[in-house]
1. Would you pick out the residues in the range 19-39 that are within 16 Å of SER80 (Cα to Cα) and small (Gly, Ala, Ser)?
2. Just wondering, is there one or more residues in the range 373-392 that are within 16 Å of ligand 2 (Cβ to nearest atom) and part of a helix (DSSP H, G or I)?
3. Answer yes if at least one residue in the range 248-264 is open to solvent by 10 Å² or more (accessible area, probe 1.4 Å), within 15 Å of ligand 1 (Cβ to nearest atom) and under 24 Å from LEU211 (Cα atoms), and no otherwise.
4. Can THR169 be described as away from ligand 2 (no atom under 16 Å from the Cβ) and crowded, with 18+ Cβ neighbours inside 10 Å?
5. For the range 265-311, name all the residues that are surrounded by fewer than 17 Cβ atoms within 10 Å (Cβ to Cβ) and in a helix (DSSP H, G or I).
6. State which residue is farthest from ARG302 (Cα to Cα) when the search covers only the range 166-224 and only residues that are away from ligand 1 (no atom under 16 Å from the Cβ) and charged (D, E, K, R).
7. Do we find that LEU362 is more than 16 Å from ligand 1 (Cβ to nearest atom) and without any contact (Cβ under 8 Å) to a residue 60 or more places away in the chain in this structure?
8. Being within 15 Å of ASN283 (Cβ to Cβ), within 13 Å of ligand 1 (Cβ to nearest atom) and open to solvent by 30 Å² or more (accessible area, probe 1.4 Å): is that true of GLU151 here?
Amino acid sequence: MARILVVDEQPSVCMHVSEILRDLGHEVTSEHTGEDALRLCRAIEFDVVLVDLERESMKSADLLKVIHHECSETRVVIMSAGGSIEAAVDAMRLGAHDYLRKPTSRERLTEVMATCERGRTTELPAEGVARDPLRTASESGMVGRSRAIRELMEMVEKIARTDSSVLITGETGTGKELVGRAIHRLSPRVDKVFSAINSAAFPETLLESELFGHRRGAFTGASNNKKGIFEHAHGGTVFLDEVADMPASMQVKLLRFLQTGEIRPVGSESTRYVDVRLVAASNKPLEEEVAAGRFREDLYYRLAVIPIHVPPLRERVEDIAVLADHFIKTFAKKLGKRIDGLDPKALDVLMAHDWPGNIRQLENSIERGAALCRDHMIRVEDMPIRLREASLVREGETIQSLQVMERAHILATLERVGWNRKQAAELLQISTTTLWRRLKEFGIEGQPGREPTPQGFAGATPFAGDR
Ligand SMILES: Nc1ncnc2c1ncn2[C@@H]1O[C@H](COP(=O)(O)OP(=O)(O)OP(=O)(O)O)[C@@H](O)[C@H]1O
Ligand SMILES: [Mg+2]
């Protein structure tokens, strides 16, 4: 039995839904306004909140935000009469767990309640289900187990089925292109071309010809007709990298293309229609570029229909060990070498580093380690000098360094025992409560999808591995 809150402006909807849910054995309360619902959510901890997304008066976005931040255990299910995939994606972006089209049925409500209990989504509107055998982001090569990366992977799986433009932001080396490729590989466009182009790598005129193509004789050196990236990728996906650096005149042309779906090759009188899904990426925050007047606001909104942020590695340290493992396997295979893993001290060094170059830097460090290591183990001396120095400097220095060391040591210990907190606490010779407090201080998450609690530790559920 779950404790459920139904929020809908229309009493008839509340009654209909509540009745079914009660009949299914749940305890149900209903509210008609967002304000009342908010107040109630703050007072009572609901397992599931079903809320109508479309009513202005509901302030459903606010409600979602509050629930997301203050009641992390509560699952939110969005109800909507629209039924468009965009509405569903919007809901997911706001942190909803699942999506329900109105009017709904007993079957569908049963299903949704079951997914709330299992913790995974079943249905999105059925348009364009991928033909691809790949179904998950991890099958497409994304590795990680932090909450941030799992949420990102779920998001990628969902938006892959839509055609909306995506804007991926994140620091250098965080995996923006990998995310772009995953979106393509999980989409119905998978049989068609994925084309990546770096907007910063071409002078203005050349960029135009690269994107839209040119006619023979359009400019000096244009000795043949040439197809542009968009035409080449017809039916597929174009990954437009470093989009912030696009010159103003090209921004106008790109906007026109997004509005009309038509391209006009340089030197051509006529336009033609192409169907591509655009995924743009930027390591500068594009909003700031807009605010500074360097990037067109209208283009920004066209590109960022679905914004995705890939967090830096230092904000998801839980991913370091699995990523290292993944790269060790890759490079061992490439080098034809047996490598069993990382020496515990080497893992400590990786855990203590702040990774300004993010995953690419980690990948390079492991590549180096894999090449240098001699007795089937990557050791500290096989690590790049920068990493070793950083950890040496920290040793025995200020309080802050001690904290860094402690954090790294706790993380490495957790890693060794497969994130079983009880065992980790024993090894560390501290109580589970102390461990819990430390992790909270260090901003390290607990069980997937939840904040750590002392009870959660006693239960000692290890993290789920890669999906
Ligand atoms: N979650 C991940 N799992 C496995 N490999 C990853 C992951 N994220 C990134 N990588 C790898 O890290 C490297 C860098 O990723 P990618 O090129 O996608 O980063 P980027 O954000 O586009 O970087 P830049 O801003 O410098 O262009 C790639 O080799 C990629 O395969
Ligand atoms: Mg890139």
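1. Across the range 19-39, the qualifying residue is only GLY34.
2. Looking through the range 373-392, none of the residues is within 16 Å of ligand 2 (Cβ to nearest atom) and part of a helix (DSSP H, G or I).
3. Looking for residues that are open to solvent by 10 Å² or more (accessible area, probe 1.4 Å), within 15 Å of ligand 1 (Cβ to nearest atom) and under 24 Å from LEU211 (Cα atoms), one finds none in the range 248-264, hence no.
4. Working: away from ligand 2 (no atom under 16 Å from the Cβ): no; crowded, with 18+ Cβ neighbours inside 10 Å: yes.
The answer is no for THR169.
5. Within the range 265-311, GLU287, GLU288, ALA291, GLU297, ASP298, TYR301 meet the criteria.
6. Only one residue fits best here, namely ARG216.
7. It is false that LEU362 is more than 16 Å from ligand 1 (Cβ to nearest atom) and without any contact (Cβ under 8 Å) to a residue 60 or more places away in the chain.
8. no
The values are calculated or read from the model by the stated rules, or taken from the named source; none is laboratory data. Owing to the predicted nature of the structure, the values given are computational and were not obtained by experimental measurement. Note that each Cβ is placed from the backbone with ideal geometry, even for glycine, and that neighbours are counted across all protein chains shown. Side chains included, ligands, DNA and RNA excluded: accessible areas come from the protein's heavy atoms. Shrake-Rupley method; radii C 1.70, N 1.55, O 1.52, S 1.80 Å.
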